[in-house]
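The values are calculated or read from the model by the stated rules, or taken from the named source; none is laboratory data. Note that this is a predicted model, so its numbers are computed, not measured. Cβ: placed from backbone, ideal geometry, glycine included. Neighbour counts: every protein chain shown.
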Amino acid sequence: MSGSGGKIRKCVICGSTHRVESNHVGGRNHVAWFTGPLCGDHHDRFHILLCQMRLDLRYTSDPIERAIRVLKAILVFAWMVLEGLQHAANWRKGEST
């Protein structure tokens, strides 16, 4: 999938170009402008992790609760990116994970 300027979009975690979409990291109801490109597999994994931790990204009028939900989702996303970087670093060293 191409973004603006005709560039091929890549998953921020694995570099895949298959089914890449902009994922609303903190939920489109809370911080719609904060997106990260994820392939279909990592997008699915992201939402599975959010479900496992029972994180509800539906809108709430409580600004503190919105901030808590957003920060939790951002931490999950950051953890996934770090795991991807660790995997790439190990692969470059010839290690398997």
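Observations, loosely collected:
Let's see how each residue does on (1) surrounded by 11 or more Cβ atoms within 10 Å (Cβ to Cβ); (2) farther than 18 Å from residue 10 by Cα:
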| site | (1), (2) |
| --- | --- |
| 46 | yes, no |
| 54 | no, yes |
| 68 | yes, yes |
| 81 | yes, no |
| 84 | yes, no |
| 93 | no, yes |
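- In segment 31-60, the residues that are closer than 20 Å to residue 79 by Cα, touching a residue at least 12 places away in the same chain (Cβ under 8 Å) and outside any helix (DSSP H, G or I): 31, 34, 35, 36, 37, 38, 39, 53, 55, 56, 57
- Restricting segment 61-97 to residues that are more than 15 Å from residue 30 (Cα to Cα) and assigned to a loop (DSSP other than H, G, I, E, B), the residue that is modelled with the highest pLDDT is 94.
- The residues of segment 10-30 that are hydroxyl-bearing (Ser, Thr, Tyr) and within 17 Å of residue 78 (Cα to Cα) amount to a single one, 22.
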